[in-house]
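Student: One structure follows; several queries about it will come next.
The values are calculated or read from the model by the stated rules, or taken from the named source; none is laboratory data. Quick caveat: nothing in here was measured; it's all calculated off a predicted structure. Positions of Cβ are backbone-derived with ideal geometry, glycine not excepted, and every protein chain shown enters the neighbour counts. Accessible surface is based on the protein model in full, side chains and every heavy atom, while ligands, DNA and RNA are left aside. Shrake-Rupley method; radii C 1.70, N 1.55, O 1.52, S 1.80 Å.
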Amino acid sequence: MDRGTTDSLNMSLKLKQLEHAAKHTFWDFIGCELVEHKGDQVVVAFDILPHHLNLIGIVHGGMHASAIDSAMGILVMLARPEANVVTVNLNMNYVASTGEGRVIVTAEMIHSSRKLITAQAYARKENGDLLAFGTGTFRVLEKHAPEAQTGNNGRGMIDERGTRT
């Protein structure tokens, strides 16, 4: 098996692992789906449902922010599978509104260093009209052994995702 085939199989496995891990999480709740991954780009989408709308009948800005942040997050998780990554900054720009149809979010890498990754993403209607765009900065964290993450460190418990409880 050549290197390209091996890399493709490894990426397919990583995507399946992410899809499995996303079940019953916020990603699953908001209805996003991974459409495509190639190189330094990820495409996700969601069908607009009533719970995505604000009181005036258009997609809530928080939904755009969540989809854009999530698309960039998947991209950086795939770029750094050996680490945990968390959003440390998210900048959003809202350009146009919609209240029906499907939203396609395309995320791409801008810059990557040892501890920080910057990405950008664009949310568009199916016809290509731009709805919103954003940039995100993600901190690269070391993964620790599960027993180290779930122990009491004197300041509360830390769960398997590194969140203090």
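Student: Considering 77, 92, 157, which residue is under 21 Å from residue 30 (Cβ atoms) and modelled with pLDDT under 95? Lay out the reasoning, then the answer.
Tutor: Numbers: 92 fails: modelled with pLDDT under 95; 157 fails: under 21 Å from residue 30 (Cβ atoms).
The match here is 77.
Student: Among (1) over 23 Å from residue 18 (Cα atoms); (2) assigned to a helix (DSSP H, G or I), there is one condition residue 68 misses while meeting the rest; what is its number?
Tutor: (1) is the only condition that residue 68 fails.
Student: Check off (1) of a type outside the set (Gly, Ala, Ser); (2) modelled with pLDDT of 95 or more; (3) open to solvent by 80 Å² or more (accessible area, probe 1.4 Å) for residue 1 and give me the number that stays unchecked.
Tutor: (2)
Student: Looking at (1) in contact with a helix residue (DSSP H, G or I) (Cβ under 9 Å, 6 or more places away or on another chain); (2) modelled with pLDDT of 95 or more, which one does residue 97 not meet, given that it meets all the others?
Tutor: Tallying (1) in contact with a helix residue (DSSP H, G or I) (Cβ under 9 Å, 6 or more places away or on another chain); (2) modelled with pLDDT of 95 or more, residue 97 fails exactly one: (1).
Student: While we're looking at this one, here's another question. Any idea how many residues of region 77-124 are open to solvent by 40 Å² or more (accessible area, probe 1.4 Å), among the hydrophobic types (A, V, I, L, M, F, W, C) and in contact (Cβ under 8 Å) with a residue 40 or more places away in the chain?
Tutor: Total satisfying the criteria: 7.
Student: Could you please let me know if residue 61 is in contact (Cβ under 8 Å) with a residue 40 or more places away in the chain and either surrounded by 13 or more Cβ atoms within 10 Å (Cβ to Cβ) or among the hydroxyl-bearing types (Ser, Thr, Tyr) (or both)?
Tutor: Numbers: in contact (Cβ under 8 Å) with a residue 40 or more places away in the chain: yes; either surrounded by 13 or more Cβ atoms within 10 Å (Cβ to Cβ) or among the hydroxyl-bearing types (Ser, Thr, Tyr) (or both): yes.
Criteria met by residue 61.
Student: Here are the criteria: (1) open to solvent by 60 Å² or more (accessible area, probe 1.4 Å); (2) at pLDDT 95 or above. Tell me which single one residue 41 does not satisfy.
Tutor: With (1) open to solvent by 60 Å² or more (accessible area, probe 1.4 Å); (2) at pLDDT 95 or above applied to residue 41, the lone miss is (1).
Student: If you go through region 111-123 one residue at a time, do you hit one that is charged (D, E, K, R), over 16 Å from the mean Cα position of the chain (by Cα) and more than 21 Å from residue 143 (Cα to Cα)?
Tutor: Looking only at region 111-123, we keep the residues that are charged (D, E, K, R), and these are 114-115.
Then drop every residue that is not over 16 Å from the mean Cα position of the chain (by Cα), which leaves 114-115.
So of that shortlist, the ones also more than 21 Å from residue 143 (Cα to Cα) come out as none.
Within region 111-123, not a single residue is charged (D, E, K, R), over 16 Å from the mean Cα position of the chain (by Cα) and more than 21 Å from residue 143 (Cα to Cα).
Student: Further question on the same structure: Among the candidates 74, 30, 48, single out the residue that is surrounded by 11 or more Cβ atoms within 10 Å (Cβ to Cβ), over 13 Å from the mean Cα position of the chain (by Cα) and of a type outside the set (Ser, Thr, Tyr).
Tutor: On the way: 74 fails: over 13 Å from the mean Cα position of the chain (by Cα); 30 fails: over 13 Å from the mean Cα position of the chain (by Cα).
Checking each option against the conditions leaves just 48.
Student: Here is a further query. Counting just the residues of region 4-20 that are aliphatic (A, V, I, L, M) and open to solvent by 60 Å² or more (accessible area, probe 1.4 Å), which one comes out modelled with the highest pLDDT? So that I can check it myself, show each step before the final result.
Tutor: The initial filter retains those residues of region 4-20 that are aliphatic (A, V, I, L, M), namely 9, 11, 13, 15, 18.
Restricting the remaining residues to those that are open to solvent by 60 Å² or more (accessible area, probe 1.4 Å) gives 9, 13.
Working: 9: 58, 13: 70.
Here the residue is 13.
Student: Applying the selection to region 125-147, what residues are of a type in the set (Lys, Arg) and either open to solvent by less than 50 Å² (accessible area, probe 1.4 Å) or within 19 Å of residue 35 (Cα to Cα) (or both)?
Tutor: Initially, region 125-147 is screened for residues of a type in the set (Lys, Arg), giving 125, 139, 143.
Within region 125-147, 125 is the sole residue that qualifies.
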